[in-house]
Amino acid sequence: MKHTLETRFFPYVIKPGRYAGGEPGQIVKDPRGKVKYLHAFPDKYELGQSYLGLQTLYHIVNKDDRFLCERVFAVDKDAEEVLRREQIPLFSLESQRPVGDFDAVGFTLTYELVYTNVLAMLELAQIPLGASERSDTHPLIMAGGPAVYNPEPIAEIFDLLFIGDAEEGLPEILAVLHEMPEAGRRQKLEQICRRVRSVYVPAFYDHQRKPQVDFAPETIEARVEKELKPEYYPRQPIVPLIETAHDHLAVEIMRGCPQGCRYCQAGPIYRPVRQRPPVEIIEQTVAQLGNSGYDEISLVSLSSSDYQEIEQLTLSLSRRLEQQKVSISLPSLRPGTITPELLDAASRVRRAGMTISPEAGTERLRLFIRKEIPDAAILDTCRIAFERGWMTLKLYFMIGLPTESEDDLHGIVKLVKQIYDIGYEYPGRKTINVTLSPFVPKAHTPFQWDEMLEAEEMLRRINYVKRHNRIKQVNFKYPQVEASFLQGLLGRGSREMNGVIVAAYRKGCRFDGWSEDFRWDLWLEAFTENDIDIDKRRMPLAFDSPLPWSHVRKGVSVSQLKAERQKTSLQLTRYEARPKRDEKEVNADTAPEFGRGKKKVAARSAVAPTKNTVRIRWGKDARLRYMSHLDNIRFIERAIRRSRIPVSYSQGYNPTMKLSFGPPLPLGFTSEAEYYDITLDSNLMPYMVENLRRAYLKGMSIIEARAVVGKNKSLSASVNRAAYSIPANKILKDIDLERNIVRIMDADSLEVERVGKNQTTVVDIRPAIYEIFLRDENLHMTLGIGEGGYARPSEVMALLAGGKGYEYLMYCIHRYDLYRVDQRGEQISAMDV
């Protein structure tokens, strides 16, 4: 399988790093005697690997010697095409084992728009799409996550669905499988249903969700873990080799939300509130940073500022992490709970983004949805942020909430204008980014019975808000309204939606949550073919109508939800705004200045300067060939941070390491001739290089390191030659290599096309080809770089191979030297330029 992927898959996909695995924190176990469990995330790697729940469950399963856990993600359309063309089954990242060889596959379903991706993954794995079509030779197909709180639209796809917190439930399911490896499929499902709470096996129920066997419970109670145990969280997280959606360390500080917003599904499904002790959070953070090297941590919860000790926790962490230049972000802050001291603690290194969620434009509508936040709290929170130096704020509003009127829409415009005016009082150009998100009625909320606006009306309301905004520094963003409408249709549907999902998949629907891939026209065809009137489905539901999720119980009862929905007002939370600072009381050192500032004079240092530039030569082997140049930079920065060497940082609001890199290495290449300069705050000591070497990834190596003096030009500008090699036996046997070398070297010009973003240009690369020769069963090339001209190795290989089969060769090239040839023809090593 490995050879097949290296020759027929990785060279032909856009981002091979998504599928290659090999990250720090990855666990590869001997499968003998173990239950082989595959955790599947039905979206792109960049999103899935950022999901905190995946990291947690991966660690929990793998620490049990009875099990092994590997990962698989949805492949993008280019990779799907290659897998189908080459008839390669979908495979795991860790062992590249086909998905069909596992005992169980568990999908995390974060929302409804990933359902077609689930079908694509099953089909690529050569597993039947319907649960009833599978035999004892197929793995059990399971699912969990927020979307399974209404499991009916996907009930015919999955063998079982787990409802609730899975930290204890998933190992319990795998333990049953471990005890009965030779049992048939139905026997395994029966024992899981009997012995594991919160499991729903659709095959044991009819279409009215009534049990057909005596051991299946009538109501499935969602699992709730009473405490968030420290052993749930790994000391060594998986650290992606490529850039992901959230490129930071996520640390869960609290699960559940103390607020009771009527529109929010996360509130009821994650209750009760469980706070982790600050000592455990700090211990986990320090350990995970030491094993990852991230430059930012995110304190994750549904409402971080509602964590009782958030100010003390943030201050304690910021003091510990300031010297390492690790910043802290608080992704979910509730207006009225934010203090200047909290923001000061969170911004000691750099200011992360700040999101404030008013949800509605007027106090009336916020009261109705039980978002009990007065305008004064929102405005005061924004004032604190601007006072503390924030230049950009993100605001989040919902459009289409029940009882919303034009006054509420105008209230959004008015509130945004007030926030911008507050920002204008403080120096610097301010930007307000506003997200307008369509309301979608969700199961297990008081608004689950409410009407969902049709897409055209939703778009009209969004455009109303945008049209009445007159401020250039206010930017609006919103998802496709049709995609939100689809999410609501699927989320409130029953088993008849299974036919729609399969039909849409067969028509080509994939990645429905991505605007560039979403095909509403195909979904409309699928609804029509299954005789489903979407206009009727969006209408309000009667309180006494049967709900497809009525057999799933989480938190409050249906009667309590009805009572909550019928409440129309609450008393507005009393809020006392901070008094605005009197300008006369403002200290002269902190007051904003206008006009020409005082001339700044550098302070005279009392000690001799100690800054020191060090040049490092490093290399990487085939295990890391799918990391891009930016990925390499990111991991080197993390290694430097983990090594604790005294690196120098730039000044300002966003301090960065003082690093300078040599010419980028093309994707897929290995190398022993990569270079970067690093500025230290002290003289270079031998132990520093050893610390850095230990912090490097497996597959990366430090070859040489020494101080450099008096170097003015950058590394990239200093070198003009790059030497590459490739095993000659990798090149197709029907190519006359020696003859083609002579033809290229004898040519006066060699024109190739280079395709850019906006245009295609023709370039003569012959002046930049200095040598091509065969030696020791390897093909060698010396090509120009920088001022020596520029010829890409891929362009030369295409000429040598006659334009056929050379793509695979791009993953066999090794760079073994970078140097400079001066005007006298003398060769100078990159370590000496």
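The values are calculated or read from the model by the stated rules, or taken from the named source; none is laboratory data. Everything numeric here is computed off the predicted structure, so don't read it as measured data. Virtual Cβ from ideal backbone geometry, glycine too; neighbours counted across all protein chains shown. Protein only, heavy atoms only, side chains kept; ligands, DNA and RNA dropped before computing areas. Shrake-Rupley method; radii C 1.70, N 1.55, O 1.52, S 1.80 Å.
With respect to the conditions (1) among the basic types (Lys, Arg); (2) buried (at least 18 other Cβ atoms within 10 Å of the Cβ); (3) closer than 23 Å to Ala245 by Cβ, Lys77 falls short on a single one, namely (2). Inside the stretch 96-114, can you point out the residues that are closer than 30 Å to Thr445 by Cβ and touching an Asp or Glu at 6+ places or on another chain (Cβ under 8 Å)? Passing the criteria: Thr110, Leu113, Val114. Would the stretch 289-300 turn up any residue that is over 29 Å from Tyr396 (Cα atoms) and among the hydrophobic types (A, V, I, L, M, F, W, C)? For the stretch 289-300, residues over 29 Å from Tyr396 (Cα atoms) and among the hydrophobic types (A, V, I, L, M, F, W, C): present.
Would you mind stating whether Trp520 is over 14 Å from Tyr115 (Cβ atoms), open to solvent by 30 Å² or more (accessible area, probe 1.4 Å) and not acidic (Asp, Glu)?
Values: over 14 Å from Tyr115 (Cβ atoms): yes; open to solvent by 30 Å² or more (accessible area, probe 1.4 Å): yes; not acidic (Asp, Glu): yes.
Taking the combined requirement at face value, the residue satisfies it.
Residue count for the stretch 100-138, restricted to those that are surrounded by fewer than 24 Cβ atoms within 10 Å (Cβ to Cβ) and either in contact with a His (Cβ under 8 Å, 6 or more places away or on another chain) or within 21 Å of Tyr205 (Cα to Cα) (or both): 12.
Tell me, which residue of the stretch 458-479 that is closer than 22 Å to Gly513 by Cβ and open to solvent by 20 Å² or more (accessible area, probe 1.4 Å) is farthest from the chain's Cα centre (by Cα)?
Kept after step one, since they are closer than 22 Å to Gly513 by Cβ, are these residues of the stretch 458-479: 458-459, 461-462, 475-479.
Going one step further and asking which of them are open to solvent by 20 Å² or more (accessible area, probe 1.4 Å), we end up with 459, 461, 475-479.
On the way: Leu459: 28, Arg461: 30, Asn475: 23, Phe476: 22, Lys477: 19, Tyr478: 19, Pro479: 18 Å.
Looking at residues that are closer than 22 Å to Gly513 by Cβ and open to solvent by 20 Å² or more (accessible area, probe 1.4 Å), I get Arg461.
Residue-level check: of (1) open to solvent by 10 Å² or more (accessible area, probe 1.4 Å); (2) closer than 27 Å to Met700 by Cβ; (3) touching a Pro at 6+ places or on another chain (Cβ under 7 Å), Ser95 misses just (3).
Scanning the stretch 412-444 for residues that are open to solvent by 10 Å² or more (accessible area, probe 1.4 Å) and of a type in the set (Gly, Ala, Ser), we see that the one that is modelled with the highest pLDDT is Ser437.
When the stretch 611-636 is filtered for residues that are part of a helix (DSSP H, G or I) and among the charged types (D, E, K, R), the ones remaining, listed by number, are Arg623, Asp631, Arg634. Taking the numbered list (1) open to solvent by 10 Å² or more (accessible area, probe 1.4 Å); (2) over 13 Å from Gly144 (Cα atoms) in turn, Ala166 passes all entries but (2). Scan the stretch 379-411 for residues that are under 18 Å from Asp421 (Cβ atoms) and aliphatic (A, V, I, L, M) and the total you get is 6. Condition check for Arg274 on (1) open to solvent by 10 Å² or more (accessible area, probe 1.4 Å); (2) in contact (Cβ under 8 Å) with a residue 40 or more places away in the chain; (3) over 30 Å from Ala563 (Cβ atoms): one failure, at (3). The residue that is farthest from Ile157 (Cα to Cα), counting only those in the stretch 202-227 that are assigned to a loop (DSSP other than H, G, I, E, B) and open to solvent by less than 30 Å² (accessible area, probe 1.4 Å), is Glu225. Scanning the stretch 800-819 for residues that are at pLDDT 90 or above and open to solvent by less than 50 Å² (accessible area, probe 1.4 Å) yields Ile813, His814, Arg815, Asp817, Leu818, Tyr819. On the stretch given as the stretch 389-404, residues that are touching a helix residue (DSSP H, G or I) at 6+ places or on another chain (Cβ under 8 Å), closer than 21 Å to Asp450 by Cα and either aromatic (Phe, Trp, Tyr) or open to solvent by less than 50 Å² (accessible area, probe 1.4 Å) (or both) total 6. For the condition open to solvent by 20 Å² or more (accessible area, probe 1.4 Å) and not hydroxyl-bearing (Ser, Thr, Tyr), Lys34 qualifies.
Within the stretch 379-388, does at least one residue satisfy the condition of being small (Gly, Ala, Ser), under 29 Å from Asp344 (Cα atoms) and crowded, with 23+ Cβ neighbours inside 10 Å?
Step one: list which residues in the stretch 379-388 are small (Gly, Ala, Ser), which gives 385.
If we keep only those that are under 29 Å from Asp344 (Cα atoms) too, we end up with 385.
Now drop any that are not crowded, with 23+ Cβ neighbours inside 10 Å, which leaves 385.
Taking every residue of the stretch 379-388 in turn, at least one turns out to be small (Gly, Ala, Ser), under 29 Å from Asp344 (Cα atoms) and crowded, with 23+ Cβ neighbours inside 10 Å.
Quick check on the stretch 489-501. Is at least one of its residues in contact (Cβ under 8 Å) with a residue 12 or more places away in the chain, closer than 20 Å to Thr403 by Cβ, open to solvent by 50 Å² or more (accessible area, probe 1.4 Å) and charged (D, E, K, R)? No, there is no match, as no residue in the stretch 489-501 is in contact (Cβ under 8 Å) with a residue 12 or more places away in the chain, closer than 20 Å to Thr403 by Cβ, open to solvent by 50 Å² or more (accessible area, probe 1.4 Å) and charged (D, E, K, R). Going through the stretch 317-331 one residue at a time, which ones are in contact with a strand residue (DSSP E or B) (Cβ under 7 Å, 6 or more places away or on another chain) and modelled with pLDDT under 90? Leu330, Pro331 - these are the residues of the stretch 317-331 that are in contact with a strand residue (DSSP E or B) (Cβ under 7 Å, 6 or more places away or on another chain) and modelled with pLDDT under 90.
Take the residues in the stretch 338-354 that are open to solvent by 40 Å² or more (accessible area, probe 1.4 Å) and modelled with pLDDT under 90, then tell me which one is nearest to Ala376 (Cα to Cα). Ranking the candidates gives Gly353 first.
Being under 30 Å from Ile636 (Cβ atoms) and open to solvent by less than 10 Å² (accessible area, probe 1.4 Å) is true for just one of Leu313, Leu299. Which residue is that? Break it down into steps so the answer makes sense when it comes.
Numbers: Leu313 fails: under 30 Å from Ile636 (Cβ atoms).
That would be Leu299, the only listed residue that is under 30 Å from Ile636 (Cβ atoms) and open to solvent by less than 10 Å² (accessible area, probe 1.4 Å).
Here Lys44 fulfils each of the conditions (1) at pLDDT below 95; (2) closer than 18 Å to Leu90 by Cα; (3) surrounded by 16 or more Cβ atoms within 10 Å (Cβ to Cβ); (4) under 24 Å from the mean Cα position of the chain (by Cα) apart from (1). Is it true that Arg66 is among the charged types (D, E, K, R), in contact with a His (Cβ under 6 Å, 6 or more places away or on another chain) and touching a residue at least 60 places away in the same chain (Cβ under 8 Å)? Yes. With respect to (1) more than 30 Å from Gly710 (Cβ to Cβ); (2) touching a residue at least 40 places away in the same chain (Cβ under 8 Å), the lone exception for Met831 is condition (1).
A Cβ distance below 9 Å, combined with a sequence gap of six or more or placement on separate chains, defines the contacts here; from the stretch 35-61, residues that are within 18 Å of Met254 (Cα to Cα) reach residues that are aromatic (Phe, Trp, Tyr) and buried (at least 22 other Cβ atoms within 10 Å of the Cβ) in the pairs Tyr51/Phe41; Leu54/Phe41; Gln55/Tyr233; Thr56/Tyr233.
If the condition is being over 16 Å from the mean Cα position of the chain (by Cα) and either open to solvent by 10 Å² or more (accessible area, probe 1.4 Å) or basic (Lys, Arg) (or both), then the stretch 14-31 contributes Ile14, Ala20, Gly22, Pro24, Gly25, Gln26, Ile27, Val28, Lys29, Asp30, Pro31.
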